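Report on the following structure.
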Amino acid sequence: MDRATFPRDKLCGDTLNPGCLAMLDRIDAAVAKRIRARSLAIRGMTITGPGGVTVKADYPSSLTGAALLRRDLDQWLLEAAVQAGARFDPGVAVQRPEVVESPFRVAGVRSTCGRREFALRARVLIAADGRSSRLAATLGLSRFVGKPRRWAYGAYFTGVSGMSSHGEMHIRREGYVGVAPLPGGIANVCVVRERAALTAGQAAAAVIANAVAADRILRDRFASAGSVSDVTVLGPLAVESEAAGCPGMLLAGDAAGFVDPMTGDGLRFAIRGGELAAEAALRELETGVPAHQSLLASRTREFAGKWRLNRALRSLVGSRPALACAAAAARAWPAPVQQLVGIAGDVNLARRSA
């Protein structure tokens, strides 16, 4: 069940990295084939930093990612789930977990559909209700990161010059700007800023316009650009989970922890995390033994390295002296940044799956 009706828009970088595409090849080759046929191939990343430093990196071994609208990707995944036997109920808002106290376990959810409230019982619940998950927060399983606290502003534009087959990340002292090419000559533009860098009462569209106008690399490229969507705002961004669930409930997607989107691998976390939650649910259904601790162990084995990298980059962007040093180092020696692009793109996973 989902509170939204599909297809629906969602703030996202709209890209799948090479490792994520390889996972989809394994999980559902038909969906992966559809994605490749309807998307733009992303061949690498272009990173710019303070002082005009620019590093371009192609994915090795001719590997590619894919850029497509998130509303299309989610719709295709939903259709594949229904074809596989899932029953889907749209427009249903989950309000809180139904808890049995002795022994403690989640036994279902209380939900609303229009004005009607009802309970749904389940042997196992997978909570994938987003970074501000009511289910995880109610049970004390997740929290927003105290620092840094960043907000994202995203919109679609046409007429942006200089677009290529690379995704772009423009890291600045105030935050960063992501730009991704999409089919039909559209560009996904996402501006991420710390709360302290935002002006109280400032319109969301002005945040993007001001960020582009103040950037000497981007301003000329947007001279003839025009917005073709409303601005979507999301924040605070980073969420950390204390666990992967509790008896009767397993966490997946952003409810299990939301990483800062600057590495561009959020969908890899989501898809692989969903697969791990499904495997844990099957174990719990088969044995009757709560699987949340084994899910946490699986997630730690799978994601620990990426979590450390993400936290390090989050701290780097939040420190002006560190960012200045990193920019100077990248100008003199771009190889570490190029290697970082490969790590963020999960190219080793893609190579193993080739």
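Where a number appears in this text, it was derived from the coordinates with a stated rule and is not lab data. What you see is a predicted model; the values in this text were computed from it and never measured. Cβ atoms come from the backbone with ideal geometry, glycine included; neighbour counts cover every protein chain shown.
Condition test on Gly146, is it within 27 Å of the chain's Cα centre (by Cα), over 21 Å from Leu295 (Cα atoms) and without any contact (Cβ under 8 Å) to a residue 60 or more places away in the chain?
In short, yes.
So which residues in segment 327-350 are in a helix (DSSP H, G or I) and either in contact with a Leu (Cβ under 6 Å, 6 or more places away or on another chain) or among the aromatic types (Phe, Trp, Tyr) (or both), if there are any at all? Before you say what the answer is, go through the steps one by one.
Of the residues in segment 327-350, the ones in a helix (DSSP H, G or I) are 327-332, 335-344, 347-350.
Selection gives Val347, Ala350.
Give me the residue from segment 88-138 that is over 21 Å from Phe258 (Cα atoms) and either in a helix (DSSP H, G or I) or polar (S, T, N, Q) (or both) and, out of that set, farthest from the chain's Cα centre (by Cα).
Selected residue: Ser102.
Looking only at residues that are surrounded by fewer than 18 Cβ atoms within 10 Å (Cβ to Cβ) and hydroxyl-bearing (Ser, Thr, Tyr) in segment 208-259, which one is farthest from the chain's Cα centre (by Cα)?
Ser224
Is segment 241-262 home to any residue that is in contact with a Gly (Cβ under 8 Å, 6 or more places away or on another chain) and more than 26 Å from Leu77 (Cα to Cα)?
yes
Checking the structure you have, find out if any residue of segment 37-45 is farther than 30 Å from Ala122 by Cβ and in a helix (DSSP H, G or I).
Yes, that holds for at least one residue.
Which of (1) assigned to a strand (DSSP E or B); (2) surrounded by 14 or more Cβ atoms within 10 Å (Cβ to Cβ); (3) not hydroxyl-bearing (Ser, Thr, Tyr) does Asp74 not meet, given it meets every other one?
(1)
Taking the residues in segment 1-40 that are of a type in the set (Val, Ile, Thr) and touching a strand residue (DSSP E or B) at 6+ places or on another chain (Cβ under 7 Å) as candidates, determine which candidate is nearest to Phe258 (Cα to Cα).
Out of the qualifying residues, it is Thr15.
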